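Inspection log for the structure reproduced underneath, given as C-alpha cells.
Every read-out reported here was derived from the displayed coordinates using simple, explicitly stated rules and does not represent laboratory data. This one's a predicted model, so the numbers in the text were calculated from it and none came from an experiment. Backbone-built Cβ (ideal geometry, glycine too); neighbour counts: all protein chains shown.
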Amino acid sequence: MGYSCSTPSLFARLRWLLLLSGTLISGLPAFAQKLHTAPIIIKADQIRDSSRHPISTYRLFRTTPQGTAEAIPFQIDEINEDGDYVLDQGKDTTARTGNTIFDRIDELSFMGDDVGPVLEPTAWPMGAPNFVYELTVTHPTQNPMGPSMGAVYIGIYYSSPPALSPKKYVIFQRNDAVVTTSRYKYQFDSNNWLIAKRVEVAKNETEPYDYQPVLNSSTFYMKGDLKYFITFEANHRSINSELEAWKSGPIRSLIRVSFFYSLLKLKIKLDMYTEISFFSNAVYLPAIMYNPIDGRKSLNTGSGMYYGLALKDSPKNYSIETNMAPALPAGTNLVEHGKNFISSFMNKIQDEPVSKGLYWISAQGLGRTIYMEIAPGQELQRDGVAPTFYQENLSAEEMSSRSNNDALALGKSPVNLGIAFDMTKFSEGEHMMGFRLFFENVVAPERLAVFKGLNDWQYTARKIKLNPRAPTKEPAP
C-alpha cells in the first residue's frame, strides 16, 4: 500500500476543505460585539463585486459604536494557476507565480472576533478610501456566541493607502520550528515535519501568556498486509520530509511540506504534499493521497493507518465527545485494557448523525478545549471510508516506556488519543481529506458549537456610498 501525489497542482482540488515574525497582539479586541473566535476565509469569487483590484490597495475596517472606521488585521493570499498558494520564503518559493490582483480563488482571511456591527462608517481618521464595500457575515440560525450578523468594511485606496494594522496573530520561528499564537505554541519535529514534537496551550487569554504543556508528541503509522505477499509497517521515522516554502502574514502562517517514503522491493511510494495554515486558535491541514492499488482486492483485514497524540494528561481528565465509532487495536485484550473498554467508547458517541461528511472529536477539561474535525472526500465517503476513534486512559508519563521511534500499532505506541482508518476500504486512485484542529484556552461549549458550524456562515458584499470628498469614478487598475 502506498500513496503518491505527482504534482502540487493536485492540491487545487482540496481548496474547498480547508509563518511569521513580529509581536503578538495583547489579548482580544476591546470592541464589545464578538461574532465568534474562529478564522474567516473568503474567496475572491465569493465577493466578486469587491474583488479584482491590486492587493496593495486593500485595507480592512470595522465600525466602532461612534461610527469610526477602525483598521483590523487581515491577509490576502494568492493562489496561482496551478492551484498552489503563492509563498515567498524558503528554497522552493512560488513568489513569482501570482498576478498581485485579488481575484478568482485568492483568499481574504481575518478573525471572527474582529468583526464589528453592520454600521456604515461615517468617519475615516486614516483617510477615506476611493471605494468601500460592506462585507456582511451572517449565520442562518442563532449564533451560539452571540450576534448572528456582523460586518467588516473593505476599503480600496488607489493612492496613499493608510498603514496596515500592526497586530499579528501568529509568529513562525523557522530556526526553532515553532508557531506561537495567543492561544498555543506548536513545535514541529524538525527531523520530520509530518508530526508535532510538542504543543502548549495558553492558560489565560490575556498577557502575560502562561503556556502549559498539553501534547508531548504525535505519531503517524501505516500497516499494509498484502494478500499473497508480505506485510510492511512504517511510521513517521520512515518518511523523509522537507519544509519547502512558507509565507508570513498577520492572520495565518502558510507552510508547504513534502513527504516521501519508498518500499524499494515492492516499488511502493508514499509521496505526499500539503500546505498547512496556522491561525491564532486553529490548524488547517488538507491532504491529497494517491493509492496505487485497490485495498479492497489487495489488502488483508488489519491493514490501516492512524495519526495519534500523546496528551500529557490522561484522556480521562477530559470530557470527550465524538461522532466516530470506536477503534480497537488488532488483537486487543479487553481484560488488559479494562472490562469497560468498549462501553467507555460507546458512551462518548453522540446521537447526532454524521452531517456533511464531517467527523469530529472534542476534549474539554483542565481549562482548555481541543477540537479536531476530519472531512473525507466524496469518493472516500462513497466507499464507506470513515475515521474511527481510539482512546487509552494513560498519561504521557505512563506511556514513556513506549518508543516513538518505532512503527507500533495502537495499544503499543505512545498514543492515548488517535484517529484510525481501515485501508482495505480505500480504492485505487486519488483521495482527498481535510483536517482542522482548534485549541482554546477556555472550556466553553458555545465555542465548540461555532467550530462545528463554521461552514454554515454566509458572506455578501455590496458597494456603499462614500462621503462627498471621495472620488466617484473608478481609476483603471
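With 22 Å as the limit, the listed pairs LYS34/LYS167; LYS91/LYS247; LYS223/LYS297; LYS197/LYS412; LYS425/LYS452; LYS167/LYS247 have LYS425/LYS452 beyond it between alpha carbons. Computed packing ranks the peptides 203-214, 106-117 as 106-117, 203-214, most packed first, by mean other Cβ atoms within 10 Å.
Note that the stretch 170-454 shows a convex hull volume over its alpha carbon atoms of 133 Å³ per residue. Based on Cα atoms of the stretch 358-477, Rg over Rh with Rh as the Kirkwood radius reads 1.20.
Counted residue by residue at 0.36 nm each, then reduced by the alpha carbon distance between them, the extension gain from THR141 to GLU428 reaches 99.3 nm. Taking the Cα centre of the stretch 170-454 as reference, the dipole from Cβ charges on Lys and Arg (+1) and Asp and Glu (-1) amounts to some 300 debye. The packing ranking of peptides 151-159, 174-182, highest mean first, is 151-159, 174-182, where packing means the average number of other beta carbon atoms within 10 angstrom of each residue.
Under the 0.36 nm per residue contour assumption, what length would be gained going from the current alpha-carbon distance of ASN455 and ASP294 to full extension?
54.7 nm
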